[in-house]
Amino acid sequence: MTDLPEFYFRIRENGAAVFRISTENRQRRIEMTEIAVVNVKNGNIRPHGDHVLTDEERDVIAAWCEERRAVLSERDLDDIHRTIDHLNLTTHWAQSRASDADLEDVTDRLLLAMHDLRSVLVRKKADRIAPPDLDQSGE
């Protein structure tokens, strides 16, 4: 049997439940004891029940949070690249295969979403290329 990690992180919506893994019992069964709940977005670590987190546990959880944030960031960027692909595929669909009823069903929502996205992208682009010495009022 391969060595199990000392900690297990059960992924949740905004973080994870953290368990300590143990096989130190007569039956060598895997025991998972919940020790904390962590919120990746704000870094909040709450011990579970009466458990008092050790420095080692806090360090392991903090390292996991950092790694998890990096994974989620990569996924966000990958999702955006996929969105670009989907927009291109949607354009091809609208031009070549969509029926009038299909287009009627999606056109307004797509146009509003694209308008909203375009507005944000144009504003952000303008902010990035604005001379740094100008304040918000343009003076």
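Laboratory data are not the source of any read-out in this text; all were calculated from the coordinates shown. Since this is a predicted model, take the numbers as computed values, not measurements. Note that we place each Cβ from the backbone using ideal geometry, even for glycine, and neighbour counts take in every protein chain shown.
General remarks:
- Failed item in (1) assigned to a loop (DSSP other than H, G, I, E, B); (2) within 25 Å of the chain's Cα centre (by Cα), with Leu89 passing the rest: (1)
- Within segment 1-49, considering residues that are of a type in the set (A, V, I, L, M, F, W, C) and in a loop (DSSP other than H, G, I, E, B), the one farthest from the chain's Cα centre (by Cα): Met1
- Single condition Asp76 does not satisfy, out of (1) loosely packed, with under 13 Cβ neighbours inside 10 Å; (2) outside any helix (DSSP H, G or I): (2)
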